[in-house]
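The next block holds one structure in the form of structure tokens; read it before the comments.
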Amino acid sequence: VKIWNPITMAQKKLLLGHSNWVRWVRFSFDSRLLISGGDDTFFIIWSIPEGQILQRITGHTSTLSDACFLHMNGYSLFPIVTS
């Protein structure tokens, strides 16, 4: 996963952790977290400031189609939709 500066178009971060194509990424509301998923059948939750993996969610058997961040009472939930 590559994070780019949208104004300068310079690459800011390179997040290594997926073993196949990443199909989508979603930022948290405060832009401090990112969740990514794709053809390697797992989600990764990233800390953007540190550029590190916080959690790898495994156990799926097919390409992951989407997920999102929801904030309720200060807690983040990660509803997962798989194809």
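The HN-Hα couplings worked out from phi for the range 45-57 by the Karplus form 6.51 cos²θ - 1.76 cosθ + 1.60 (θ = phi - 60°) are 9, 10, 8, 5, x, 8, x, 10, 6, 8, 7, 10, 9 Hz, whole numbers, x standing for Gly and Pro. Starting from the Cα of TRP4, step 7 Å toward the Cβ, then list every residue of the range 39-67 with an amide N under 20 Å from that point. Residues passing the 20 Å test: 48-49, 51.
Taking each residue as 0.36 nm, the span from ASP66 to GLN11 lengthens on full extension beyond its C-alpha to C-alpha distance by 17.4 nm. Labels on offer are (1) 18, 44, 27, 10, 1; (2) 14, 33, 16, 15, 16, 6, 0; (3) 17, 51, 28, 4, and the one holding P(r) over Cα pairs in 10 Å bins from 0, in percent computed from this structure is (3). LEU16 contributes about 130 Å² of solvent-accessible surface, heavy atoms of the protein only, 1.4 Å probe.
The values are calculated or read from the model by the stated rules, or taken from the named source; none is laboratory data. All figures in this text were calculated on a predicted structure; none of them were measured in a lab. Quick reminder, even Gly has a Cβ in these numbers, built from the backbone with ideal geometry, and neighbours come from all protein chains shown. Keep in mind that these areas ignore ligands, DNA and RNA; they rest on the heavy atoms of the full protein, side chains included. Shrake-Rupley method; radii C 1.70, N 1.55, O 1.52, S 1.80 Å.
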